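Enquirer: Below is the structure I would like to discuss, written out as structure tokens.
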Amino acid sequence: MSLDTFVQLFRPPWAWREFLFQTWFVARVSLAPTLMLAIPFTVLTVFTLNILLFEIGAADLSGAGAAIGAVTQIGPVVTVLVIAGAGATAMCADLGARTIREELDALRVLGINPIQALVVPRVAAATLVALMLTSLVTMVGVIGSFLFSVYFQHVTPGAFAAGLTLLVGTPEVIVNLIKAAIFGLTASLIACYKGISVGGGPQGVGNAVNETVVYTFLALFVINVIATAVGVKVTA
């Protein structure tokens with residue numbers, strides 16, 4: 001299915017309307033969880049890091065720590081959690097419901113490839129939304145770190161801003177975006193496969209959604225570790 005999806009991704013006709021609808025759908029179910037996860041992750045990370053920096057007399061470097069945390073870890077991890085827990089499950093449930101109602105068989109009878117009509121738009125939409133989500137999480141992380149450090153832990157605003165680019169530059173941001181795109185692509189492929197291969201009626205749809213969460217979490221955390229290690233080697 002994944003190979004067929006990649007082939008159909010570059011073959012017309014493209015389902016633009018379905019792509020736009022799925023982009024809005026995935027963004028709608030993922031936006032609120034993203035914001036609610038990004039803020040506590042940021043506060044916890046920055047609070048712990050700043051305690052260490054204060055102890056060694058390096059509070060002026062809190063901006064550098066916040067930037068590298070938000071760009072390299074908080075952004076990708078929150079994206080993993082949201083894409084796996086919200087976006088992929090909603091996608092799997094939608095396709096699973098269509099499968100048990102035999103809509104996919106009806107499309108095949110009409111000569112329409114379900115992969116091209118349903119899977120490709122969802123994969124492309126999830127990849128795009130993952131890119132947008134990690135950008136949003138990174139911005140929320142940096143801004144939240146600044147507010148928490150300056151107003152609660154009394155770090156100098158100028159020193160915080162000056163330290164943002166000490167350890168993080170364009171290569172780290174590019175690696176972050178590539179990781180997010182891989183996360184969205186992987187999660188959507190797993191969700192679509194489980195959705196179109198579901199069986200056993202409504203209970204089968206529920207089981208497929210649960211399996212999607214587990215498989216997506218496992219796959220994305222492994223990818224995150226590998227991509228982080230490769231990114232560190234590339235940007236070193």
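None of the figures in this text is laboratory data; all of them are computed from the coordinates on show. Just so we're clear, the structure is a prediction, and the values are computed from it rather than from any experiment. Here Cβ is always computed from backbone atoms with ideal geometry, including for glycine, and neighbour counts include all displayed protein chains.
Enquirer: With the condition kept exactly as written, say whether any residue in the range 95-106 is of a type in the set (D, E, K, R), part of a helix (DSSP H, G or I) and free of Cβ contacts under 8 Å to residues at least 24 places away in the same chain.
Expert: Among the residues of the range 95-106, at least one is of a type in the set (D, E, K, R), part of a helix (DSSP H, G or I) and free of Cβ contacts under 8 Å to residues at least 24 places away in the same chain, which makes the answer yes.
Enquirer: Quick check on the range 173-205: of everything there that is among the polar types (S, T, N, Q) and part of a helix (DSSP H, G or I), which residue is farthest from ARG122 (Cα to Cα)?
Expert: Out of the qualifying residues, it is GLN203.
Enquirer: Here's something else I'd like to know. Any chance you could count how many residues in the range 198-217 are touching a residue at least 24 places away in the same chain (Cβ under 8 Å) and either hydrophobic (A, V, I, L, M, F, W, C) or surrounded by 13 or more Cβ atoms within 10 Å (Cβ to Cβ) (or both)?
Expert: Qualifying residue count for the region: 10.
Enquirer: Yes or no: ASP60 assigned to a helix (DSSP H, G or I), of a type outside the set (Val, Ile, Thr) and closer than 27 Å to GLU211 by Cβ?
Expert: no
Enquirer: Might you let me know whether the range 206-223 holds any residue that is outside any helix (DSSP H, G or I) and either of a type in the set (Lys, Arg) or touching a Gly at 6+ places or on another chain (Cβ under 6 Å) (or both)?
Expert: Taking every residue of the range 206-223 in turn, none turns out to be outside any helix (DSSP H, G or I) and either of a type in the set (Lys, Arg) or touching a Gly at 6+ places or on another chain (Cβ under 6 Å) (or both).
Enquirer: Being surrounded by fewer than 16 Cβ atoms within 10 Å (Cβ to Cβ), in contact with a Gly (Cβ under 9 Å, 6 or more places away or on another chain) and not hydrophobic (A, V, I, L, M, F, W, C) is the filter here, so list the residues in the range 152-196 that pass it.
Expert: If the condition is that a residue be surrounded by fewer than 16 Cβ atoms within 10 Å (Cβ to Cβ), in contact with a Gly (Cβ under 9 Å, 6 or more places away or on another chain) and not hydrophobic (A, V, I, L, M, F, W, C), then THR165, PRO171 are the ones that fit.
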